[in-house]
Every structure is written in structure tokens, then in C-alpha cells.
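Asks: The following block contains the structure, expressed as C-alpha cells.
The values are calculated or read from the model by the stated rules, or taken from the named source; none is laboratory data. The model shown is predicted, which means the values in this text are computed figures rather than measured ones. Every residue, glycine among them, receives a Cβ derived from its backbone with ideal geometry; neighbour counts consider all protein chains shown.
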Amino acid sequence: MPQPKVNDFVIKFANVNGSGSASANQLFAKSILRMGVPVSPRNIFPSNIHGLPTWYEVRVSEAGYLGARGGVDLMVAMNPQTWDRDVLGIEPGGYLLYDSTKSLPPSKFREDINVIGVPLTGIGTREYSDPRQRQLFRNIIYIGALSALLAIDMAEIEKLIREQFSGKDSLIAPNIQALHLGHAYATENFECPIDLQVRRGDGVGDKIFIEGNEAAALGCVYGGATVAAWYPITPSSSLAEAFELHCRNYRSDRKTGKNRFAVIQAEDELASIGMVIGAGWNGARAFTCTSGPGISLMQEFIGLAYFAEIPAVIFDVQRGGPSTGMPTRTQQSDVLSCAYASHGDTKHVLLFPEDPHECFEFASSAFDFAERLQTPVFVLSDLDIAMNDRLCEPFVWDDSRAYDRGKLVSHDELEAGAEFGRYLDVDGDGVAYRTYPGTHPTRGSFFTRGTSKDRYARYSEAGPDYQDNMQRLLRSRPRDPSCQNRWFRKHASRRNWG
Amino acid sequence: MTYIAKPKLRHPRLATNKFGFTHRDYEGAVSTLCAGCGHDSISAAIIQSCFELNLPPHRIAKLSGIGCSSKTPTYFLGSSHGFNSVHGRMPSVLTGANLANRDLIYLGISGDGDSASIGLGQFAHSVRRGVNMVYVVENNGVYGLTKGQFSATSDRGSKSKKGAANLDAAVDMVMLAMELGATYVARGFSGDKSQLVPLIKGAIVHRGAAFIDCISPCIAFNNHSGSTKGFDYVREHNEAVNRLDVMLPREPITAEYEPGEVEEVAQHDGSVLRLRKLAEEYGVHDRIAAMNYLQNSKAAGEIVTGVLHVDPEADDLHDNLNTLNAPFNKLTEKELCPGSAALEKFNASRR
């Protein structure tokens, strides 16, 4: 008799895309968290809406490990298309949970694993008449069975169902009923719990469970972004969608209903970054979010923002490249193409969040960096962080924190006779002062251009002017981790980036 | 040659407008385009329009793409912020700028290469979004800066300076703008300033996507016989359907018209577009009939000019997005950041 594995195992759900499994599987992961045991789930999904295989892998780890461990201790095999390889992937001595409504030949099983057959379809057909309900509740029935098999507290799952359907109360009772159907069947037919067990722990504390994209979107709200322009692309779309959702909640005027934000779904990535640059030039905090192919398309505009010194924030949620690559799989594929985006000599500021907490933190700070340095700032996450719920430290905000709007010349300063040259290096740190359009009737206007220019923003093809400009841009860069730019160094260390 | 500033001296009796600005206050640097270029006449018309509308120059932002036409914002409105962006992408930059501050007037200057070829997509989408802007295409049917290649608005069968025939069908920017829902559409001719100035003024006072296709002959590469964008050709085939007067808010109406000849369209700022009909059967409100008329005229070889469409119930992107009346670039932490208490609540919802 082997020792039971307590709070340290991997369970994988093999499902069909579009069968409603995602919310049931998330319910499962959250119920373990509520018992104080860390989990790290992963969606492994195809570029497809209905029909293709999809997996949800949950690593239960009391020690809090987030990476994919490899191997599967319990496979919930709900997809006939992938049955053979799903069964093969189970560790010797591991478990297979399957829908036993129709019997399968012995050749479909392995000798060295434990097989748990639950007639999910049979129970569903017996209890429900609506075909969609039969499908959806089949998922909840296996969650019920798992709770018995793994000793997950049913009360926690019921509580989660009540929270999830709060406001749609009529759905609560049938979901809880389905849960109990599964639980009862497992209790009656198998020795529960099995050798994989969840036991209450204290590894979760006040941590939160959230996807990186949603965290970044909230960071944009807190960081004062008012304009978002984007073009749908996996795995970044949910960032823009979450931003709009959060803005509807936090940025609609309660009295007038007017919005303090604008989200534009652009015609392509070129237009998205163009709008962000136009808004940044005009003094709004603006961002776009995209993935590899979008970064490729934005190259020319990124060069313009760099050379004309316009703040912009770009989220690159990376996926497998090159070309269309693997749109629904993770990779850190764009590091170099972002670092030196554009033709000609450029060098960009890149931020690398390690989890949703940092997605929030870096998103909110990125606008400060972009406006302080007057340049595009990239936040590079990846599909793994962006589209999976991760357990991370809760978000924090200091209410005394003021946005750093960078070097600006105001109407009154112009009126008092301040000398203004858009690309004059007044402070010697390479970053010049700017004005917003419309600041003063007769002073402070300038002409922004992608061509080379002199310190007063006038078109110039003179060698010394070009050199002067390029050298100043280089001075304005935080060059390496020791950060030559004093401001950047101070702020970087304040946020404890090590 | 890099940049030529004009001398600051001015004649003491130079006329001023209502806000005390002279014509010179709306000028820019000396043009570096070819002597006689149609684009310089358009710049002059823009200067006159802004002067006559009493616009404070800093309340205008001028944006452009790349090409001869896109160079012109340097040559007018020297006290306005300008943005010479990348080729064919002025519309997206303008859209973003407009979202950041809805209080300014956005003047987008483009050409037929910039808007009908590389930027056709951005042109189309900015128009269909109803961005509040004045979008001027300085249309000469040719790539000037790269020395005389055909552009996408060159008519099929028209000849290049060297005699080659254009084999491709022409993009008609006016028809596209009408189709895509521009709420003010006009066509002008750089050789007729008296017609062009009111067309620009009308576009400025209009709230919504205003588009002006301005035929502007290229003196260097497309002003020969065989061209359909040269001065002589356009003069011979120009059919103006109406004459526009832009009446500013509270301005006494001085012009006298025969009843029935005049259509009036009130604009959001209280200005009135008064249109005197030259072609009796042409109505500017009925988009479908107008498009039909334009197609027939084009088939007959005419270049129809004037105000071609005005939607009296125009709205713009900000209306559609239901955005705040105040410019976004003036909002502070107080209006933008939900604060730590809301964040603590949010954290609790994710446990």
C-alpha cells in the first residue's frame, strides 16, 4: 500500500473545446484554493471555438510550485479523440476517471493504473431532459465525484457555486444537485478518498487568483490610461476586453453616464499603434495590446514614436512564433524584435512581469516611464501568465501616488517667457520638454516629424543635427540594469526590481 | 536647404480678424514645393479659411502622412502644433489625437498616394468611425516626390508625362467617402480659391467626418495633355453643383438669394451652411441620389465640384463612445484612479 499523495499531485482534464468544461474545471481549482492549498492551473487549448481537444491541467502544490511538473496522477478523460494518448500519459499507479456509460474494450485501458468509471452521460440523461443541460451538468457531476475521491470539502464547492451564480439564483440549486449526484455515485461505488488527497492547509493566505491579462488591464485603469486601441489577436485580446469591462465599472460617471475612457477596436495593428501615438502626442495615456504578428506590423510606427519621442505603452502578450506560429501556445518569442523594434538605431524600454501581480504593477508604472522618457515602453508577458489563473500576491495601491506626467511646459511658463525648443536638452539627461497641442496661442507650438530635425523640431538633413539628436536619444535611455538615467534608477529601485 | 522662416515684419495696416490675428498669423514657413504647385493654393485657402473663421491658431492641430501634400502643413498655421506622421497613417494618428482632446480642430492633410494607395484602409476606417476632422486629399493623380509614377486616383487611359498610359481603374475618394458614411463631402479645385475657401470653412464648422477631395494639379509631372488632373483639363470639365457660403453664428445674413435656390444646413456650433444651387436636380442631403448623380456625371466625363453631401444630423466618434465632454488629457488621478479601497475590494473578489 503506497503512501497517499497529499496536496502534491497533478490532475488533468481532457475535454472537447466548447463543451462548457472551462468553468467547471475552474470551480475545481478554486475549491482546492479555498482549502488553503496552492494550485497552478494551465489551459492547453487549440486555435478553435468548437470541437477540437482542449486540456486543463491543475498542479496541486502545497509548496506553491507554479511550473508544469510533467506527468499526470489523475486523468479525467472526457474526450474520445485524445483517449489513447491521454491514457498513455498517466503515471504508473495513477488514476483514470472516465465516462463509463458505454463499456470500452479492455484494450483501451492499462494494467498499471487505477480505473474509475462514472456513468456521467447516463446520470445526466436520467436526471435532465434539455440536451445542453445534459452536457453542462455532466461536467459538474465529475467535479462532484472528484470531491469525494480527493476529499475536497463539498461545502467549499457549494459556496463557490453560490458566489458564481449570485444574481442568477435559479441556477444554484440544479448545479448543487448535479454536484451531489457525482459525489454520491463515487461514495457508493469506490473507496473514498483515493491515494490522492487534498487536506486543509495555510499556503494561500491573502493571495489572489487571477489571469495576467486581467491584472494588466486593471493596472492600466489604475495607471490612468484613457485611450486603448487594439486589434483582436490571441493571446492579448482578453487584456483589451478586460480593460473595457473595468472601465465600465470604474470610469463611467455615475451622474452623467459619460465615459472617462475610449476603447477602439482598430482595423489592424498599424492603426492601433497609430492611435496610441496620436493620443500620447496629445497628452492622453494610451496603450495597445498585441502579440508577435502585431509587433511585426507595428515596427514602422514604433520607430516614429522613438524618434519623435512620443509616449506609448505596448503590451506584447507573446505566443509561439515566427509567423502565425502557435497562436494558442506560450513562448517568449519577441524579446529581440521588441528591444530593437523599427529600422535604424533604436533601443527600447522593456518590462518583464513574472506573474499577474507584476502585470498589474508594471502596467500601472509603464505609463509613468513612457511619459518620463517620452518613448514607447513595452510590457512583455506571455500566454502562460496572461491566460491562466495564477496565485499571486494581492494588488496594492498607495493613494498618495501621483502620476509622473514627465517634462511639460505649461501655458503660464510659456507666457512668462520660458525658452522652448522641443528637442533642447535643458536638463542634460537627454529628455527634452514638450508641450501639448493647444497650450498657448502664440508660443510653444512645434512640428512633430519622423524625419531628422534640429533642436527646435525643424526639418534638418545636416549631419551635426542628426548626430546631436541620436546622441541625446542614447543619453535618455536607461542603458543597463545599473540604469544611467537617474530618474529611472530611482524609480526602478523604489519598486524593488533588484 | 533645411527650413526657411518668413520675416516677422508686417505691414502696419494689415487687416486683423475678430480676435486680432492677421493673415500672417496663420501662415507657416516658405513653401519648398515647386513654383506653381496646386498644393500651395490649398495652403493659401486653408490660411484664409482659418483667418475668416476667427480661429485661434493654437486650437488647430494639423496632421499629415508622407508625400508632397503631407509636407504642406509646414507652410500654413505656423503657430499650430503639427504632426508629419508615417506614410498613409495620418488617419489613425489623428483619431488618437482626437480621442485625447476633443476640444481642438483636427486638420488632416493627405494626398492621393497617401490616402488612396498605402493609406486606403486608414482613410476608410477613420471616415466610417465618424472622427470629427477635416480630411483634405490634395489629389494630383501622381507621385510627385518620387518623380512621376501614377497614383491610384489616375484615370484609366490617362497618360504620364512620358506618354505611358495608365491601365488601372481609378479610386474615387468622393464615392468612397459617401459610401463609408462621411457626413460632409466636397470636391474642390486648387485653381478655384473662391470655391475652395468656403468648402474648407464648411468642413471646419461641421462636426463629424468631413472629407474634401481637392484636385490639385502637379505642375512638374501631371499637367500635360493626356493628363486628367492638369489645370486645363480640370477647368474644361469642372461642373460645380452649388456655391457655398458659411455663415458664422450670429453673423447677419447679407447675401440675397432668390427663394427656392438656397438650402441651409445648421451646424452644431450655430454656423449655417448656405448652399446656392447651380445644378437644379442636385440635393446634398439625399446621399443615394447624390451618388447616382455623381456616377452619371463621371461617366459623362465631368468633374463634379462643390458640397456633394451634408448630413444635417451628423454625429461623431465621441458621441458614439459617449465620452466625457472634457478633454482626456486634462484628467487627473482623482478622475482616473479608483484608489486603494476599490482595489482591496477587487482583491477580495479574487480569493
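Asks: Given the criteria at pLDDT below 95 and part of a loop (DSSP other than H, G, I, E, B), does A:Gly406 qualify?
Replies: No, not satisfied.
Asks: Given the criteria under 30 Å from A:Gln26 (Cα atoms) and either of a type in the set (Ser, Thr, Tyr) or in contact with a Ser or Thr (Cβ under 9 Å, 6 or more places away or on another chain) (or both), does A:Arg443 qualify?
Replies: The answer is no for A:Arg443.
Asks: List pairs: first residue in segment A:258-269 and assigned by TED's automatic domain parsing to the domain that holds A:Cys289, second residue of a type in the set (Asp, Glu) and not in a strand (DSSP E or B) anywhere in the structure, Cβ distance under 9 angstrom, at least six positions apart or on different chains.
Replies: That search, which allows pairs on different chains as well, returns A:Asn259/A:Asp253; A:Arg260/A:Asp253; A:Arg260/B:Glu335; A:Phe261/A:Glu244; A:Val263/A:Glu241; A:Val263/A:Glu244.
Asks: Hey, any hits in segment A:143-152 for a residue that's surrounded by fewer than 18 Cβ atoms within 10 Å (Cβ to Cβ) and either in contact (Cβ under 8 Å) with a residue 60 or more places away in the chain or assigned to a helix (DSSP H, G or I) (or both)?
Replies: Looking through segment A:143-152, none of the residues is surrounded by fewer than 18 Cβ atoms within 10 Å (Cβ to Cβ) and either in contact (Cβ under 8 Å) with a residue 60 or more places away in the chain or assigned to a helix (DSSP H, G or I) (or both).
Asks: Being surrounded by 14 or more Cβ atoms within 10 Å (Cβ to Cβ), part of a loop (DSSP other than H, G, I, E, B) and touching a strand residue (DSSP E or B) at 6+ places or on another chain (Cβ under 7 Å): is that true of B:Val284 here?
Replies: yes
Asks: Out of the residues in segment A:377-403 meeting the condition of being away from chain B (no Cβ under 14 Å), outside any loop (DSSP other than H, G, I, E, B) and of a type outside the set (Val, Ile, Thr), tell me which one is nearest to A:Pro327 (Cα to Cα).
Replies: A:Leu383
Asks: If you don't mind, there's one more thing I want to ask. Tell me which of these A:Gly463 doesn't satisfy, since it passes every other one: (1) crowded, with 18+ Cβ neighbours inside 10 Å; (2) within 14 Å of another protein chain (Cβ to nearest Cβ); (3) closer than 25 Å to A:His343 by Cα.
Replies: For A:Gly463, the exception is condition (1).
Asks: Can you list residue pairs whose Cβ atoms sit under 8 Å apart, with the first residue in segment B:52-72 being within 17 Å of B:Arg102 (Cβ to Cβ) and the second being of a type in the set (D, E, K, R) and assigned to a loop (DSSP other than H, G, I, E, B)? Count only pairs 6 or more apart in sequence or on different chains.
Replies: Correct list of pairs: B:Arg59/B:Asp103.
Asks: I would also like to ask the following. Checking the condition within 14 Å of another protein chain (Cβ to nearest Cβ) and under 22 Å from the mean Cα position of the chain (by Cα), which residue from B:Asp286, B:Asp319, B:Asp315, B:Asp269 passes?
Replies: Of B:Asp286, B:Asp319, B:Asp315, B:Asp269, the one residue that is within 14 Å of another protein chain (Cβ to nearest Cβ) and under 22 Å from the mean Cα position of the chain (by Cα) is B:Asp319.
Asks: Tally up the residues in segment A:76-101 that are free of Cβ contacts under 8 Å to residues at least 12 places away in the same chain and more than 27 Å from A:Pro2 (Cβ to Cβ), please.
Replies: 1
Asks: Being at the interface with chain B (Cβ under 9 Å from one of its Cβ atoms) and over 23 Å from A:Asp399 (Cα atoms) is the filter; apply it to segment A:204-255 and report the residue that is surrounded by the fewest Cβ atoms within 10 Å (Cβ to Cβ).
Replies: A:Val204
Asks: If we only count strands (runs of 3 or more DSSP E) wholly inside segment B:40-111, which ones have 2 or more residues that are under 15 Å from the mean Cα position of the chain (by Cα), buried (at least 24 other Cβ atoms within 10 Å of the Cβ) and modelled with pLDDT of 95 or more?
Replies: Ranges flagged: B:60-64, B:105-111.
Asks: Are any of the residues in segment A:343-359 of a type in the set (Phe, Trp, Tyr) and either over 30 Å from A:Gly64 (Cβ atoms) or in contact with a Gly (Cβ under 8 Å, 6 or more places away or on another chain) (or both)?
Replies: Scanning segment A:343-359, I find no residue that is of a type in the set (Phe, Trp, Tyr) and either over 30 Å from A:Gly64 (Cβ atoms) or in contact with a Gly (Cβ under 8 Å, 6 or more places away or on another chain) (or both), so the answer is no.
Asks: Which helices (runs of 4 or more DSSP H) sit wholly inside segment A:20-137 and have at least 2 residues that are touching a strand residue (DSSP E or B) at 6+ places or on another chain (Cβ under 9 Å) and more than 30 Å from A:Thr234 (Cβ to Cβ)?
Replies: A:120-127
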